[in-house]
Amino acid sequence: MNASKPYFTDSVADMIREAIAEAGGNEVFVTGVLNRDGTVCEARVAARGHATAVPVIESAVSQAEVLIHNHPSGRLEPSDADLQIASRVSEGGLGFYIVNNDLTRVYVVVEPVLLRERIPVETGEIDVLLGEDGPLSESNQNYEPRETQIALSRNIASAFNASLIGVFEAGTGVGKSYAYLIPAALWAIRNDDRVVVSTATINLQQQLMDKDIPTVRKIVGTDFKAVLMKGRQNYLCRRRFAEAMQERDLFEDETAELEAIGKWAETTADGSRSDLSFMPKETVWSRICSESDACMGVRCAFHENCFVMRVRKEAASASLIVVNHHLLFADLEARMAGVGYDDTAVLPPFHHIVFDEAHAIEDAATSFFSEYFTRFKVLKQISILYRVRRGSVGGHIIALERLSDSAAQVQHALAFINEIRDSYAALEEAALRLLGPEGSYRLSDASFGLAAPVLECMATLRKAIAGFAGTVREVLEGIPEDAQNDPVVWESKFALRRLEFVGTLCLNFTEWSERRESVFWIERLRQRDGTLYPRFVQTPLSIAPMMRDGVFEPFSTVICTSATLRIGQRFDYWLHRVGLDLVEESRFTSGIHDSPFPYRGNVLLTLPTDAPLPEEAGYQAWVQTAVVSLLQSSGGHALVLFTSYESLRSACTLARESLSPLGLTILKQGDDDRSRLLDTFRNDESSVLFATDSFWEGVDAPGDALLHVIITKLPFRVPSDPVHAARAEAIEKSGANAFMELSLPEAVMRFRQGFGRLMRRKTDRGVVTVLDRRILAKKYGKIFLESLPETRQCFEPLRDVLPTVERFLYN
């Protein structure tokens, strides 16, 4: 027993006493941070309990150096539960203290390991590195000092130093990549630490690895290690490839492709699909790529030459790791599921994240944490286990029959396969009837009665899958121990788990009313041959709690940056959507760093005042003819953005009929792979690209390739979108206005992304034309206009807009 004075600063001791008093003298769980003398100098209350117990919050533990709780009885001897927790956290160097309610006595169960003092990144250092006479100016002959870049980088350095969550909007041209890479690299190098940089697009990852990070190495004067990590499915699995080659006689149409991949595998540096000189069929790649569930780890005969293990080994010694948002969420999912934050999950352990393109976090997390199944997912797993092709019987279940003492169960399993197929066919039929002409359906209090036949079919499918899984597991249990590591056993278990997960989703659908944290919906999709089929999806209603618990609370530093994070001068909308409004204010900092580009002189914003409103008759026909006229005025060089593929298709058809004879190349989203389409657009400077969805962002075509962006309609989400409708409904139930809280700010951020396609370099100039008159006719329209930088404007009838566009571009 010791006096508290050596263990806590006075302010921390006072804070803990006050927290205990506010909890009525009950147990309180507190996390502490130590100064260089080993005294607790910072503390945060993580949980409150009753007279004899308090919960330990794992997400709070990851940032602590010592865990503290009180025993109201005054008896400070640790309980068995205390000892168990203390033993576990001590492996990470954490201390464990028990105190009485007034902190006059401390029982030190485990002494904390004093960490090496963190070396901050001095903000003055940023000024030198990015300033006029610094190494950046020496390495770049086109260097111009950017005060906004220096200010942003200083703010990010301060966030690393103080373990803060930083939200920074950085307009196009600020140079945000260098602004975060320099302090991130300096922090990692000096503190022997690791920083993960997460982006939304492949293009930005390639820019970081090929251009920006090599330059940053020169700027900071240190050859630090940076590694690009991709999801497992991007890498070839040598074991699965060898198995596919053994079965190639069953898939003669795939033999040539497999043999070409085999030659490539002998010379490839990283085994990544992007390293192939051709794009393999999805059916081929899915049979030979790495899968986490099917990985045999050290038991695998190919473990020493495994491409995934190779890149993981490289990442373990890296200062910077570059990933996409999807892979980062895969890592966070594993950590939240029990791996913790101090061990390797998908990525090596890390405590600092930079989210670039942070505006995409909600969509990326929503996509990742959504679960779905279709006929193809179900039939793929069944075909892994049993298939008949060209009169030959194949599949792992045949091999299991030879290995198992319970082979008699195989025939029962085959009977269940027929049940699964029949029940799934019935489910598809019921779902397509339910969808009708709408194309999508969401389970809700108002509509669930219509889904009764679908839910009944799901229950039947789940029962068939459970019967099949139980029978195959009996076969697996009959396999001798020395054969359990046979690859076919692992692959069978993997396929079985995937099938059982479909059964779990079916159960979740039938229990939808008890799972209000999720949206359950069905959509109708179309195969290339025109055949319709349903997709069944479970999506989180909100990602905010997950982001708070899995990202913002456990990590020391989280930097979020993008060119579009605010509405007006406030970040409120984005903060709420990603859960940052749930985080303590003391850990949060933000800043707005405007673009240095000369928008006022180089950009003309036009809006035809005689345009019909979107809900009025003739709007689509007017848009189609207006687009053709506008493209003639600019001579092509244009990106035409739509919110509907149907609208895009009809407008593109007319444009091709009218403009192709004039020598203009008209490109349409969907006609080719996205990257090839963009390459063609950039290289053919007078071409026009008609696009929607993802092309509102990520298009970078500087110079004369893009002189005119035409936004045909304000990018409001379709009200019938199931996830959007569910989120809007939840907002209305809370008493708020869903249009003002969700639909409008979401559209404004999307609108800013579309506008931002034009100016990619300081010398760029051009026109942005908006064909949606609601900007002027509706009260909310001014919010869209106020979200843009100051430009020249021409709000006149179309006949006056057309010559103005031509004069601005060519006179």
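The values are calculated or read from the model by the stated rules, or taken from the named source; none is laboratory data. This one's a predicted model, so the numbers in the text were calculated from it and none came from an experiment. Heads up, the Cβs are rebuilt from the backbone with ideal geometry, glycines too, and the neighbour counts pull from every protein chain shown. Heavy atoms of the whole protein, side chains included, go into the accessibility calculation; ligands, DNA and RNA do not. Shrake-Rupley method; radii C 1.70, N 1.55, O 1.52, S 1.80 Å.
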Problem set entry | When residues of the stretch 201-235 are limited to those that are out of contact with any helix residue (DSSP H, G or I) (no Cβ under 6 Å at 6 or more places or on another chain) and of a type in the set (A, V, I, L, M, F, W, C), the one nearest to Pro280 (Cα to Cα) | Ile202
Problem set entry | Hits in the stretch 774-811 (condition: acidic (Asp, Glu) and in a loop (DSSP other than H, G, I, E, B)) | Glu790, Glu796
Exercise. Yes or no: Ile150 assigned to a helix (DSSP H, G or I) and of a type in the set (Val, Ile, Thr)?
Worked result: yes
Exercise. Got at least one residue in the stretch 201-210 being of a type outside the set (A, V, I, L, M) and either outside any helix (DSSP H, G or I) or in contact with a Cys (Cβ under 8 Å, 6 or more places away or on another chain) (or both)?
Worked result: yes
Seminar exercise, completed: With criteria (1) surrounded by 18 or more Cβ atoms within 10 Å (Cβ to Cβ); (2) more than 21 Å from Ala705 (Cα to Cα), Val770 comes up short on (2)
Seminar exercise, completed: Residue set Ala407, Ala399; condition in a helix (DSSP H, G or I) and either surrounded by fewer than 20 Cβ atoms within 10 Å (Cβ to Cβ) or among the small types (Gly, Ala, Ser) (or both); output residue Ala399
For this session: Pairs only if they're at least six apart or on different chains, beta carbon under 9 angstrom, first in the stretch 742-769 and closer than 18 Å to Gly636 by Cα and among the β-branched types (Val, Ile, Thr), second open to solvent by 10 Å² or more (accessible area, probe 1.4 Å) and part of a loop (DSSP other than H, G, I, E, B); list them, first residue then second.
Result: Val767/Leu707; Val768/Arg757; Val768/Leu788; Val768/Thr791
For this session: Output the qualifying pairs, or none if there are none: Cβ atoms under 7 angstrom, residues six or more apart or on different chains, first residue in the stretch 76-102 and in a helix (DSSP H, G or I), second residue at pLDDT 90 or above and not hydrophobic (A, V, I, L, M, F, W, C).
Result: Ala86/Pro78
For this session: Report yes if Val66 is closer than 21 Å to His352 by Cα and crowded, with 18+ Cβ neighbours inside 10 Å, otherwise no.
Result: yes
For this session: Please work out which one of (1) closer than 19 Å to Phe501 by Cβ; (2) modelled with pLDDT under 85; (3) among the charged types (D, E, K, R) is the condition Arg390 fails and give its number.
Result: (1)
Seminar exercise, completed: The number of residues in the stretch 239-278 that are touching a residue at least 60 places away in the same chain (Cβ under 8 Å) and among the hydrophobic types (A, V, I, L, M, F, W, C) is 3
Exercise. Scanning for something open to solvent by 10 Å² or more (accessible area, probe 1.4 Å), among the small types (Gly, Ala, Ser), within 30 Å of Gln149 (Cα to Cα) and touching a residue at least 12 places away in the same chain (Cβ under 8 Å), does the stretch 516-526 turn up at least one residue?
Worked result: no
Exercise. Are any residues in the stretch 8-38 closer than 16 Å to Tyr107 by Cα and at pLDDT below 90, and if so, which ones?
Worked result: Gly38
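A quick yes/no check of all residues on (1) in contact (Cβ under 8 Å) with a residue 12 or more places away in the chain; (2) surrounded by fewer than 18 Cβ atoms within 10 Å (Cβ to Cβ); (3) of a type in the set (Asp, Glu); (4) touching a helix residue (DSSP H, G or I) at 6+ places or on another chain (Cβ under 8 Å):
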{"position": "Ala13", "(1), (2), (3), (4)": "yes, no, no, no"}
{"position": "Ala46", "(1), (2), (3), (4)": "yes, no, no, yes"}
{"position": "Ser62", "(1), (2), (3), (4)": "yes, no, no, no"}
{"position": "Gly74", "(1), (2), (3), (4)": "yes, yes, no, no"}
For this session: Starting from the stretch 542-569, keep only residues that are free of Cβ contacts under 8 Å to residues at least 60 places away in the same chain, then list their pairs with residues that are of a type in the set (A, V, I, L, M) and surrounded by fewer than 23 Cβ atoms within 10 Å (Cβ to Cβ) whose Cβ atoms are within a distance under 6 Å, requiring at least 6 positions of separation or different chains.
Result: Arg548/Leu582
Problem set entry | Glu456 being farther than 25 Å from Gln246 by Cα, part of a helix (DSSP H, G or I), under 31 Å from the mean Cα position of the chain (by Cα) and not aromatic (Phe, Trp, Tyr) | no
For this session: Sort out for me the helices (runs of 4 or more DSSP H) sitting completely within the stretch 277-367 that have 1 or more residues that are among the charged types (D, E, K, R) and over 29 Å from Asp193 (Cβ atoms).
Result: 282-288
